[in-house]
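Undergrad: Got a structure for you, written out below as structure tokens; questions coming shortly.
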Amino acid sequence: MTPAPIEVDVAAIGTGQATPALATALASRGETVAVFEMGLVGGSCVNVGCTPTKTLRKTARVAHLARRAGDFGVRVGAVEVDFAAAMARVETIVSSSRTGLENWLGGTPRLQLVRGRAALDGKQGDRFVVRSGEQEFHASRVYLNVGTRPFLPPIPGLADPSPLTNESIMSLREAPRHLVVIGGSYIGLEFAQIFRRIGSQVTVIEASRAIASRETPDISARLTAMLEAEGIRIIAGAAIESVTRDDRGAITVALGDGKPVITGTHVLVATGRVPNTHGLGLDTVGVAVDAQGYIPVDGGLATSVPGIWALGDVNRRGAFTHTSWQDHEIVLANHTGGQRTSDGRLTTYAMFTDPPLGRIGMQEDEARTAAQHGRRFLVAEREMSKVSRAKEEGETIGVIKVIVDADTHRFAGVTMLGINADEIVQVIAAMMAADAPYEVLRDFLPIHPTVTEFFPTILGTLRPLV
């Protein structure tokens, strides 16, 4: 016998970063909420993204610093990484985070956590129908937070060796002898450095002109030099013709244009993401998707169908955990009459190499393009090797680049590669959010000795962009 439909105020599909806080907040306001999850609660960030990778990154950094101990007058023996123990630590932290979310959701009155795949299935009157297994739910509002998954490019033979992705690589309990990374962007480079420091031989293959090709050539070159100095082999501008595995398990990556054949033990594919909208039943209610399957939304994250919102990676308004979190804040505020919007959102982001890259706003090439249309800019730059705290820490790799609008005196962009860049760049993000002139930061009293204290010095050297 088919169970009777369950009537709820809200249905939230997917438990990525936006959902738990949104769902519990709505339930605490007296609404009935059904949250659906077909996999692990917490989505990519908690289970295969931010939490596990940054935990493993710490292991890699400790190993790296131990190998550098002599630079600081410390004597140690040979440094070896117990990869299985490192991954056990990762799993402990991931499990704790996931359990905390499950307990939070499960312990919230008026909120039901439903395990299993869920999909829209038209409407019943003015309410949306959501099906999960044999159960049918009717909801007045629906929030989609289904995220993305790794994209596997159509390279001949690539599927046969069962390549690793950013998700499956976290299931390894033995470090690869030679990891071949296909894709030299943010995810690929983070893993490349992590596994090199853990002890793997690493080769990165990138089809574009350079790794981190969304950054300026200068930053790409600095990253290349930094990673190559650690023993990572980088092959840029390379087209992959095929991938094969022999009877002994060796994986061969054949490159075009006369470039060398690469042989490794594992292949990691880090070539982008695709949205998890297939099979979601969007067509049954008329939710529009773009050619790639992402869900277009307005500034308030509303889809083409009134009563349905899309949050997180799937709405193409920021593929980051922090943008997903802010998405929940926007829809929650607007639900009670607010006017928050994601339009014009200035996204601060970081690539968590070591040292990290932190970015917000324009880069120099973008400023030069804007200057051709009449805008005027001031720029300044300082090598991290000239920053006292960086020298004291022995962390002198990198650069700070600042761009200011010459007419408004507002920050237009900052790029920072160096120690604590992921934290420090947010100082500029706060300045931009407050619409504060750069003189506020130039004239403030910073703490010494810190990296941030050099902003007044840097801003004192601003010059016209030419």
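The values are calculated or read from the model by the stated rules, or taken from the named source; none is laboratory data. Quick caveat, the model's predicted, so the values are computed rather than measured. Heads up, the Cβs are rebuilt from the backbone with ideal geometry, glycines too, and the neighbour counts pull from every protein chain shown.
Undergrad: Restricting attention to region 370-380, which residues are surrounded by 15 or more Cβ atoms within 10 Å (Cβ to Cβ) and not aromatic (Phe, Trp, Tyr)?
TA: If the condition is that a residue be surrounded by 15 or more Cβ atoms within 10 Å (Cβ to Cβ) and not aromatic (Phe, Trp, Tyr), then Ala370, Ala371, Arg375, Leu378, Val379, Ala380 are the ones that fit.
Undergrad: Further question on the same structure: Evaluate the following for Pro217: is it surrounded by fewer than 22 Cβ atoms within 10 Å (Cβ to Cβ) and at pLDDT below 95?
TA: When the stated conditions are applied, Pro217 does not pass them.
Undergrad: Output the strands (runs of 3 or more DSSP E) that fall wholly within region 119-215 and possess 1 or more residues being of a type in the set (Ser, Thr, Tyr), or say none.
TA: So the answer is 127-132, 135-144, 148-150, 201-206.
Undergrad: Scan region 296-318 and tell me whether some residue there is among the basic types (Lys, Arg), crowded, with 21+ Cβ neighbours inside 10 Å and more than 30 Å from Arg177 (Cα to Cα).
TA: Yes, the conditions are met somewhere in region 296-318.
Undergrad: From Ile187, Ile194, Ile155, Ile182, which residue is outside the structural domain of Ala319 (by TED's automatic domain parsing), in contact with a strand residue (DSSP E or B) (Cβ under 6 Å, 6 or more places away or on another chain) and crowded, with 22+ Cβ neighbours inside 10 Å?
TA: Testing whether each residue is outside the structural domain of Ala319 (by TED's automatic domain parsing), in contact with a strand residue (DSSP E or B) (Cβ under 6 Å, 6 or more places away or on another chain) and crowded, with 22+ Cβ neighbours inside 10 Å leaves just Ile182.
Undergrad: Is one or more of the residues making up region 323-339 among the hydroxyl-bearing types (Ser, Thr, Tyr), under 20 Å from Gln426 (Cβ atoms), modelled with pLDDT under 95 and buried (at least 19 other Cβ atoms within 10 Å of the Cβ)?
TA: Scanning region 323-339, I find no residue that is among the hydroxyl-bearing types (Ser, Thr, Tyr), under 20 Å from Gln426 (Cβ atoms), modelled with pLDDT under 95 and buried (at least 19 other Cβ atoms within 10 Å of the Cβ), so the answer is no.
Undergrad: Looking at region 122-132, can you tell me whether even one residue there is within 25 Å of the chain's Cα centre (by Cα) and assigned by TED's automatic domain parsing to the domain that holds Trp309?
TA: Among the residues of region 122-132, not one is within 25 Å of the chain's Cα centre (by Cα) and assigned by TED's automatic domain parsing to the domain that holds Trp309, which makes the answer no.
Undergrad: Can you go through Asp327, Asp313 and tell me which one is of a type in the set (D, E, K, R) and closer than 16 Å to Ala25 by Cα?
TA: Among Asp327, Asp313, only Asp327 is of a type in the set (D, E, K, R) and closer than 16 Å to Ala25 by Cα.
Undergrad: Out of region 340-351, which residues are in contact (Cβ under 8 Å) with a residue 60 or more places away in the chain and surrounded by fewer than 19 Cβ atoms within 10 Å (Cβ to Cβ)?
TA: The one that is in contact (Cβ under 8 Å) with a residue 60 or more places away in the chain and surrounded by fewer than 19 Cβ atoms within 10 Å (Cβ to Cβ): Leu346.
Undergrad: Output the residues belonging to region 440-466 that are charged (D, E, K, R), surrounded by 12 or more Cβ atoms within 10 Å (Cβ to Cβ) and without any contact (Cβ under 8 Å) to a residue 60 or more places away in the chain.
TA: Once the filter is applied, which keeps residues that are charged (D, E, K, R), surrounded by 12 or more Cβ atoms within 10 Å (Cβ to Cβ) and without any contact (Cβ under 8 Å) to a residue 60 or more places away in the chain, region 440-466 yields only Arg442.
Undergrad: Shifting gears a bit: List every residue pair whose Cβ atoms sit under 6 Å apart, with the two residues 6 or more apart in sequence or on different chains, where the first one lies in region 78-89 and is in contact (Cβ under 8 Å) with a residue 60 or more places away in the chain and the second, anywhere, is aliphatic (A, V, I, L, M).
TA: From residues that are in contact (Cβ under 8 Å) with a residue 60 or more places away in the chain, the pairs are Val81/Ala63; Val81/Ile198; Phe83/Ala175.
Undergrad: Scan region 258-273 for residues that are surrounded by fewer than 16 Cβ atoms within 10 Å (Cβ to Cβ) and of a type in the set (A, V, I, L, M, F, W, C) and jot them down.
TA: Passing the criteria: only Val261.
Undergrad: I'm told Thr284 meets every condition in (1) in contact (Cβ under 8 Å) with a residue 60 or more places away in the chain; (2) crowded, with 16+ Cβ neighbours inside 10 Å; (3) farther than 18 Å from Thr15 by Cβ except one. Can you identify the failing condition by its number?
TA: Condition not satisfied by Thr284: (2).
Undergrad: Select from region 352-377 the residues that are more than 30 Å from Met226 (Cα to Cα) and touching a residue at least 40 places away in the same chain (Cβ under 8 Å) and list them in ascending order.
TA: Across region 352-377, the qualifying residues are Ala371, Arg376.
Undergrad: Does any residue of region 221-243 turn out to be hydroxyl-bearing (Ser, Thr, Tyr), at pLDDT 95 or above and surrounded by fewer than 20 Cβ atoms within 10 Å (Cβ to Cβ)?
TA: Checked region 221-243: at least one residue is hydroxyl-bearing (Ser, Thr, Tyr), at pLDDT 95 or above and surrounded by fewer than 20 Cβ atoms within 10 Å (Cβ to Cβ).
Undergrad: Considering only residues that are under 24 Å from Ala21 (Cα atoms) and of a type in the set (D, E, K, R), look in region 275-328 and name the one that is nearest to the chain's Cα centre (by Cα).
TA: Restricting to residues being under 24 Å from Ala21 (Cα atoms) and of a type in the set (D, E, K, R), the top hit is Asp313.
Undergrad: Based on this model, can you work out whether Ala433 counts as in contact (Cβ under 8 Å) with a residue 12 or more places away in the chain, exposed (fewer than 15 other Cβ atoms within 10 Å of the Cβ) and of a type in the set (A, V, I, L, M)?
TA: yes
Undergrad: If you don't mind, another one. Surrounded by fewer than 21 Cβ atoms within 10 Å (Cβ to Cβ), among the β-branched types (Val, Ile, Thr) and closer than 22 Å to Arg61 by Cα, is that true of Val399?
TA: When the stated conditions are applied, Val399 passes them.
Undergrad: When you go through (1) farther than 19 Å from Glu383 by Cβ; (2) in a helix (DSSP H, G or I) one by one for Phe455, which number turns out not to apply?
TA: (1)
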